[in-house]
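What follows is a single structure, written as structure tokens, with notes after it.
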Amino acid sequence: MIKQILIPLLLGCGVALSASALAKGPPKDNMIGGTLYPHGYTPMPIKNGVYPRVYVPNTEKLGKNEMRVIALGTGMPNVITGKQKASAWFVELGNGEKFLFDLGSGSMENLAKLRPDWHKVDKVFASHLHSDHVGGFAELYIGGWMNGRYKPLEFYGPSGAQPRLGTKAFVENQVKSWAWDIEGRRTGFPIEGGKVIAHEFNFRNEGVIYNKNGVKISSFPAIHILDGSVSFRLDWKGRSFVFGGDSYPNKWFIKYAKGGELVVHECFFTPENLGKLLGIPPAQAIFITSYIHTPPQAFGKIMSTVKPRHAIGYHFWTWHDIYDENLEAVRKTYDGPLTLATDMMVWNVTDEQVVVREVFEDENVAPTGTSAAYRSAKREPPSVAEKWISPDINAGKWKGYTPPPLPKPK
Ligand SMILES: [Zn+2]
Ligand SMILES: [Zn+2]
């Protein structure tokens, strides 16, 4: 009896409350220095170069010449877990610019934990089109759009040996395959944010492919299983980030990584480990690790030649035994500054120092929130959706439920 009375009361209350909350609108944007921060967070400058032991997202203000790099994914295509996603590297500069290098499978889950200003995560540089480097495409393209991006996603990547194997074809086919999803979201989300622009460049070329606001990004060839793997170098105000695409050790990387600050290169499994882990014959294990990838001793040799300010290796499962074996192998050929990266490691780079830490991670993350510019960006009214459901399906609407009325368009 009590239940029967309470339920309609609660339903009534709920509708009234949500309507008044909607009418009130969201609180004022927490916009600081042109970047949207989640409510309750104010980034503070680091004093005297002393950083907190762990990086709590959205609490630290980058210095004018500072660069922060976060490993969102360091693993492999075949086992994506909470512990290790596939390749993705988030680069943030003191001028407010943000860049993604790769967006491998599962990596956007780690990006969401940072609660970034999604509108500013709009530039991706893909080293090649393996799923462990671009498998998170839909999560960023569609998830980023729903989270606050109101301009097109800019996707940079190499050509292939044939047009069907290049970045342009990859992007076009992704967009086609998500047609149902994109079509249905037209009423809710900004029209421009639902677009993606493919910037395909020749995998063979060396040189600048991006040059804006003092940030230069160059591309140069890598040697992987097919034509169309590349590496990148970002330069800004004396800071640099070099990101190697999957590759056999190659001359271009040696040339472009020289004098680099943070230099990331794959540091794959030893043939013995890969053979054991995947249960494959020795010939295949040697071919995969040492002919289409770079095993640890070769990684060390590259870094000994390049002499970066700080070397970063990744692209293996960071289980204790494998981690130790890879580290031991690298140290046979390289004794300079080094991180073998795990997911959610952070590097802060200033004139004075390179600081290596971990992100303080939380699974209970809410969306960052959206900006006023996002909320007012042009979108289709709900009325366009009226004809999307066929009359016979519409006729099945249950009469026992009455939705709140839609506000009249302004
Ligand atoms: Zn890979
Ligand atoms: Zn690959």
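The values are calculated or read from the model by the stated rules, or taken from the named source; none is laboratory data. Everything numeric here is computed off the predicted structure, so don't read it as measured data. When we count neighbours, we look across all protein chains shown, and the Cβ atoms used for this are built from the backbone with ideal geometry, even at glycine.
Listed conditions (1) over 20 Å from the mean Cα position of the chain (by Cα); (2) within 16 Å of ligand 2 (Cβ to nearest atom) are all met by Ser229, apart from (1).
Lys98 satisfies every condition listed in (1) within 16 Å of ligand 2 (Cβ to nearest atom); (2) modelled with pLDDT of 95 or more except (1). What do you reckon, is Val121 within 16 Å of ligand 2 (Cβ to nearest atom) and among the aliphatic types (A, V, I, L, M)? For Val121, the condition - within 16 Å of ligand 2 (Cβ to nearest atom) and among the aliphatic types (A, V, I, L, M) - is not met. Collect the residues in segment 259-279 that are charged (D, E, K, R), away from ligand 1 (no atom under 16 Å from the Cβ) and closer than 30 Å to Gly94 by Cα, keeping them in residue-number order. The answer is Glu261, and nothing else.
Can you tell me which residue in segment 283-313 is nearest to Val354 (Cα to Cα), limited to those that are assigned to a loop (DSSP other than H, G, I, E, B) and away from ligand 1 (no atom under 15 Å from the Cβ)? Among those that are assigned to a loop (DSSP other than H, G, I, E, B) and away from ligand 1 (no atom under 15 Å from the Cβ), it is Arg309. Here Pro295 meets each of (1) closer than 21 Å to Gly82 by Cα; (2) within 16 Å of ligand 2 (Cβ to nearest atom); (3) free of Cβ contacts under 8 Å to residues at least 40 places away in the same chain with one exception, condition (1).
Select from segment 134-165 the residues that are closer than 21 Å to Ala86 by Cβ and more than 17 Å from the chain's Cα centre (by Cα) and list them in ascending order. Hits for segment 134-165 are Pro158, Gly160, Leu165.
Restricting attention to segment 246-282, the residues that are among the hydrophobic types (A, V, I, L, M, F, W, C) and in a helix (DSSP H, G or I) add up to 7. With respect to (1) touching a helix residue (DSSP H, G or I) at 6+ places or on another chain (Cβ under 8 Å); (2) without any contact (Cβ under 8 Å) to a residue 60 or more places away in the chain; (3) within 16 Å of ligand 2 (Cβ to nearest atom), the lone exception for Phe287 is condition (1). In segment 212-258, of all residues being within 16 Å of ligand 1 (Cβ to nearest atom) and aromatic (Phe, Trp, Tyr), the one that is nearest to Glu352 (Cα to Cα) corresponds to Phe243. Here Val50 passes the criteria (1) among the hydrophobic types (A, V, I, L, M, F, W, C); (2) buried (at least 17 other Cβ atoms within 10 Å of the Cβ); (3) without any contact (Cβ under 8 Å) to a residue 12 or more places away in the chain except the one numbered (2).
Only a single item in (1) in contact (Cβ under 8 Å) with a residue 40 or more places away in the chain; (2) surrounded by fewer than 18 Cβ atoms within 10 Å (Cβ to Cβ) is not met by Lys276, and it is number (1). If the condition is being surrounded by fewer than 24 Cβ atoms within 10 Å (Cβ to Cβ) and within 16 Å of ligand 1 (Cβ to nearest atom), then segment 82-99 contributes only Gln84. What are the residues in segment 125-141 that are away from ligand 1 (no atom under 16 Å from the Cβ) and crowded, with 22+ Cβ neighbours inside 10 Å, if any? Within segment 125-141, Leu140, Tyr141 qualify.
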